[in-house]
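One structure below.
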Amino acid sequence: MALPPSSRTAIGSTRLERALGDWQRPGHGPAYRALAGGLRTLVLDGQVPVEARLPAERELSTALGISRTTVTAAYELLRDEGFLASRRGAGSWTALPPGRTVHGAGLSPLPADLVDSVIDLGIAAPSAPEPFLTEAMAAALAGLPRYTDTHGDFPLGIHVLRHAVADRFTARGLPTDPEQIMITTGAAGGFALLLRHLLAPAERVAVESPSYANALQALRFAGSRVVPVALQQDGSDHTDAGGWDVEGWSRTLCDAAPRLGYLIPDFHNPTGMLMSEDERRALVATARRTGTTLIADETMAELALEPDLVMPPPLAAFDPGGGTVITLGSTGKTFWGGLRIGWIRASPDLVRRIRADRASLDVSSPVLEQLAVAHLLSPEVLPQVLAHQRGRIRVQRDALVAALRAELPEWTFRTPQGGLSLWVHTPDGVSGSVLATTAERFGVWVGSGPRFGVDGVLERFVRLPYAQPADILGEAVHRLAAATATLTAPHRAEPGRTEPGSIAWTGEIALL
């Protein structure tokens with residue numbers, strides 16, 4: 001007999017009624033099948049977590065204004081399909097059918113043997129801002145002699161960069177002292193340090209669903225128990241639609257009592273959503289009340305693409321005591337992925353304690369790269385670099401949006417105000433995992449939705465970064481459309497077959 005879950009939260013009938021929306025539409029069959037279908041979709045799209053406790057039958061029937069018999073029949077159908085488990089006296093909770101694949105891999109760059117024949121839409125990272133990066137490296141070389149007569153190991157980071165990072169936080173509305181900054185080997189290195197110091201095996205960590213695939217992988221390696229909280233999404237371009245479910249976060253932090261919460265409040269990866277000021281204030285207040293430490297991943301925070309967008313203060317700005325929010329940042333998304341420098345912003349006491357643990361991980365970060373980043377963050381250079389990066393990324397975003405609307409109009413997504421990727425909802429009958437496998441044969445490398453989830457859900461999503469030039473993105477969408485056609489109407493386009501106006505396929509891989 002299935003045991004009731006102990007690490008997840010309950011879904012209230014009012015919240016479930018809102019999430020179901022217009023579930024009882026004409027043509028969807030008997031009411032109980034329509035309700036079961038709506039609940040099944042919420043699970044598969046990640047809007048209701050796996051192992052979430054559902055309302056009692058009588059409670060849900062009252063909320064939906066339908067008979068209890070209808071709810072009972074819907075629950076029974078879901079149990080037969082493997083999407084619901086129940087135990088007398090313990091209620092019912094969502095599940096996935098046995099044997100369903102749960103993706104545990106993070107994201108990695110395109111394999112070296114495919115880089116000349118496949119368009120890489122798997123990694124959301126821009127090319128370097130030139131000539132600014134080369135100039136920064138030249139300035140770093142010029143300043144390097146000041147450090148070469150030392151041992152070269154600076155576990156907290158060189159002082160000039162800690163000052164530069166602190167000054168940037170202050171300019172963004174979060175007064176910061178250099179003693180609150182630790183320089184790390186990328187945000188991933190900083191995250192690993194925090195997990196080693198703050199998290200014991202089997203402790204719970206609340207995360208957004210979807211979330212950054214490599215962060216989820218790091219949490220798995222740390223032995224944590226990940227508790228997802230669904231982001232509210234509607235796939236439209238209305239900037240005030242969707243967002244962070246403050247009520248759901250409050251319930252999760254109270255019921256599951258996670259040790260940590262990992263969030264990406266600024267141009268969330270993969271959805272591109274931006275957390276509002278009210279949501280930030282409410283989430284931090286809830287975390288402070290429940291004793292949960294929040295790790296805010298700000299790796300996308302500098303990539304606002306709309307010139308008139310007013311950015312809310314950093315999440316840590318709503319934590320005046322400094323004991324609830326820890327911030328991660330890096331240069332990988334703002335400048336270049338090959339510049340492996342990141343940072344932690346935390347209380348001076350926590351920074352000192354993490355410093356003592358670092359020697360067994362990576363000792364310190366490269367001095368030359370730290371000097372280059374200090375140059376790029378200087379008040380004279382940073383505005384130019386950000387204008388350069390934001391301008392070309394905006395062009396690339398708009399090109400990808402236009403291509404998708406022209407060639408795959410049935411795909412839905414929200415056009416983000418910043419960041420580096422679209423989170424695309426595929427139509428019925430198109431699995432993100434199957435599409436990703438098929439697209440590789442057509443010469444496109446993409447990340448399927450389940451990689452960004454916890455339980456093997458999010459199958460009807462793919463992440464499409466716009467880090468490539470506009471013409472390459474247009475070609476990628478053309479190939480995705482051809483790949484999709486083989487899934488929805490196999491006679492329309494297949495590898496090895498050329499049709500009027502189509503790409504000429506060479507073997508299994510479409511060549512640029």
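The values are calculated or read from the model by the stated rules, or taken from the named source; none is laboratory data. Please read these numbers as outputs of a predicted model, since none were measured by experiment. When we count neighbours, we look across all protein chains shown, and the Cβ atoms used for this are built from the backbone with ideal geometry, even at glycine.
Which ones in segment 241-270 are under 23 Å from residue 447 (Cβ atoms) and touching a helix residue (DSSP H, G or I) at 6+ places or on another chain (Cβ under 9 Å)?
First, the residues of segment 241-270 that are under 23 Å from residue 447 (Cβ atoms): 242-244, 262-270.
243, 244, 262, 263, 264, 265, 266, 269, 270 - these are the residues of segment 241-270 that are under 23 Å from residue 447 (Cβ atoms) and touching a helix residue (DSSP H, G or I) at 6+ places or on another chain (Cβ under 9 Å).
Being in a strand (DSSP E or B), closer than 24 Å to residue 404 by Cα and at pLDDT 90 or above is the filter here, so list the residues in segment 210-257 that pass it. Steps first, answer last, please.
Of segment 210-257, the ones in a strand (DSSP E or B) are 225-232, 243-244.
Next cut, closer than 24 Å to residue 404 by Cα only: 231-232, 243.
Selection gives 231 alone.
Using the structure shown, decide if residue 272 is at positive phi and touching a residue at least 40 places away in the same chain (Cβ under 8 Å). Break it down into steps so the answer makes sense when it comes.
Values: at positive phi: yes; touching a residue at least 40 places away in the same chain (Cβ under 8 Å): yes.
The answer is yes for residue 272.
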Looking at segment 405-448, which of its residues are of a type outside the set (Gly, Ala, Ser), within 20 Å of residue 472 (Cβ to Cβ) and more than 21 Å from the chain's Cα centre (by Cα)?
-> 405, 407, 408, 438, 440, 441, 442
Single match in 201, 126, 109 (criterion: modelled with pLDDT under 95, crowded, with 16+ Cβ neighbours inside 10 Å and either small (Gly, Ala, Ser) or assigned to a loop (DSSP other than H, G, I, E, B) (or both)) = 126
Single unsatisfied condition, residue 437 versus (1) of a type in the set (Val, Ile, Thr); (2) assigned by TED's automatic domain parsing to the domain that holds residue 478; (3) buried (at least 21 other Cβ atoms within 10 Å of the Cβ) | (3)
State which residue is farthest from residue 469 (Cα to Cα) when the search covers only segment 384-429 and only residues that are out of contact with any strand residue (DSSP E or B) (no Cβ under 8 Å at 6 or more places or on another chain), of a type in the set (Gly, Ala, Ser) and crowded, with 16+ Cβ neighbours inside 10 Å.
-> 419
Test residue 246 against the stated conditions and say whether it is more than 14 Å from residue 454 (Cβ to Cβ) and among the β-branched types (Val, Ile, Thr).
-> yes
Residues located in segment 25-54, provided they are assigned to a loop (DSSP other than H, G, I, E, B), farther than 23 Å from residue 205 by Cα and either modelled with pLDDT of 80 or more or of a type in the set (D, E, K, R) (or both) | 25, 30
Taking residue 365, is it part of a loop (DSSP other than H, G, I, E, B), farther than 19 Å from residue 463 by Cβ, in contact with a strand residue (DSSP E or B) (Cβ under 7 Å, 6 or more places away or on another chain) and not hydrophobic (A, V, I, L, M, F, W, C)?
-> yes
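Could you run through segment 351-385 and say how many residues are more than 28 Å from residue 303 (Cα to Cα) and touching a residue at least 60 places away in the same chain (Cβ under 8 Å)?
Result for segment 351-385: 9.
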Please tell me if residue 164 is in contact (Cβ under 8 Å) with a residue 12 or more places away in the chain and assigned by TED's automatic domain parsing to the domain that holds residue 364.
-> yes
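Can you name the residue in segment 269-322 that is aliphatic (A, V, I, L, M) and in a helix (DSSP H, G or I) and is also surrounded by the most Cβ atoms within 10 Å (Cβ to Cβ) among such residues?
So the first thing to find is which residues in segment 269-322 are aliphatic (A, V, I, L, M), and the list is 273-275, 282-285, 287, 294-296, 300-301, 303-305, 309-311, 315-317.
Retained after the next criterion (residues that are in a helix (DSSP H, G or I)): 282-285, 287, 315-317.
Details: 282: 17, 283: 26, 284: 20, 285: 15, 287: 25, 315: 29, 316: 24, 317: 19.
Among residues in segment 269-322 that are aliphatic (A, V, I, L, M) and in a helix (DSSP H, G or I), the one surrounded by the most Cβ atoms within 10 Å (Cβ to Cβ) is 315.
Determine whether segment 177-194 contains at least one residue that is in contact with a His (Cβ under 9 Å, 6 or more places away or on another chain) and at pLDDT 95 or above. I'd like the intermediate steps shown before the answer.
Initially, segment 177-194 is screened for residues in contact with a His (Cβ under 9 Å, 6 or more places away or on another chain), giving 178, 181.
Right, trim to at pLDDT 95 or above and you get 178, 181.
Checking segment 177-194: at least one residue is in contact with a His (Cβ under 9 Å, 6 or more places away or on another chain) and at pLDDT 95 or above.
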